[in-house]
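The values are calculated or read from the model by the stated rules, or taken from the named source; none is laboratory data. Here the structure is a predicted model, which is why all the values come from computation and not from measurement. Here the Cβ is made from the backbone with ideal geometry for all residues, glycine too, and neighbour counts use every protein chain on show. Heavy atoms of the whole protein, side chains included, go into the accessibility calculation; ligands, DNA and RNA do not. Shrake-Rupley method; radii C 1.70, N 1.55, O 1.52, S 1.80 Å.
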Amino acid sequence: MKRERHNPEQIIRKLRTAEQLLNQGQAVADVCRALEVSAPTYYRWQQLYGGM
């Protein structure tokens, strides 16, 4: 199965969605499942794009 690459716009959009879900009280594992990414990917994206 081919891996999907996300462009920066998609990553920022998913991080905004993740922030909303976390503010609603969901756990990081549940947020990652909703975004369809792994926890390390989420944390890496947050480190790279979190300040935008």
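Some points to look at:
- Odd one out for Ala29 among (1) open to solvent by 70 Å² or more (accessible area, probe 1.4 Å); (2) part of a helix (DSSP H, G or I): (1)
- In the condition set (1) under 9 Å from the mean Cα position of the chain (by Cα); (2) without any contact (Cβ under 8 Å) to a residue 40 or more places away in the chain; (3) surrounded by 10 or more Cβ atoms within 10 Å (Cβ to Cβ), Ile12 is compliant with all but (2).
This table checks each residue for (1) modelled with pLDDT of 95 or more; (2) hydrophobic (A, V, I, L, M, F, W, C); (3) touching a strand residue (DSSP E or B) at 6+ places or on another chain (Cβ under 8 Å).
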| position | (1), (2), (3) |
| --- | --- |
| Glu4 | no, no, no |
| Pro8 | no, no, no |
| Leu15 | yes, yes, no |
| Ala18 | yes, yes, no |
| Leu22 | yes, yes, no |
| Gln26 | yes, no, no |
| Asp30 | yes, no, no |
| Glu36 | no, no, no |
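- Members of the range 32-52 found to be open to solvent by 100 Å² or more (accessible area, probe 1.4 Å) and in contact with a helix residue (DSSP H, G or I) (Cβ under 7 Å, 6 or more places away or on another chain), listed by number: Met52
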